[in-house]
Amino acid sequence: MKGLNKVTLIGNLGKDPEISILEGEIALAKFTLATNESYIDQNGNMQTITDWHSIVAWRNLAEKVGKYLHKGSHIYIWKVK
């Protein structure tokens, strides 16, 4: 049986996406996504850790990213390979 790789990210955009148009009219969108993890420390205080993810979208998805997303947008990314 082959393995399953699954990624789920839920977070907010750190800045507006950078949109580029490459040769052949291929759209490319680059943006950063902040995800947070919260936990209670030994003293009973709530702590939050923020991880930053670099995301790249191509073609039609890149066009939609450029049209609808902006800094602070709350998004959900799901990928199975």
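Each value in this text was obtained by applying a stated rule to the coordinates, not by laboratory testing. Bear in mind the structure is a predicted one, so any value in this text is a computation, not a measurement. A quick note on method: Cβ atoms are made from the backbone with ideal geometry, for glycine too, and the neighbour counts reach across all protein chains shown.
Odds and ends about this structure:
- Ranked by the mean number of other Cβ atoms within 10 Å of their residues, highest first, the peptides 39-45, 52-58 fall in the order 52-58, 39-45.
- Cα-derived Rg to Rh of the chain, Kirkwood definition: 1.11
- The value of relative contact order for the chain, using C-alpha pairs under 8 Å at least six residues apart, is 43 percent.
- Chain lengthening between residue 71 and residue 12 when straightened (0.36 nm per residue, less Cα-Cα): 20.5 nm
- Amide H contacts of residue 14 (H built 1.01 Å from N, under 5 Å, at least 5 apart or other chain): 32, 33, 34, 72
- Angle of helix 59-68 to the longest C-alpha principal axis of the chain, folded into 0 to 90 degrees and rounded to 10: 60°.
- Lys-Lys pairs in region 14-80 that are eight or more residues apart or on separate chains and whose Cα atoms lie under 17 Å of each other come to 8.
- Positive minus negative residues near residue 49 (Lys, Arg vs Asp, Glu; Cβ under 15 Å): -3
- For region 41-59, backbone nitrogen atoms closer than 18 Å to the point 7 Å from residue 20 Cα along Cα-to-C-beta are found at 54-59.
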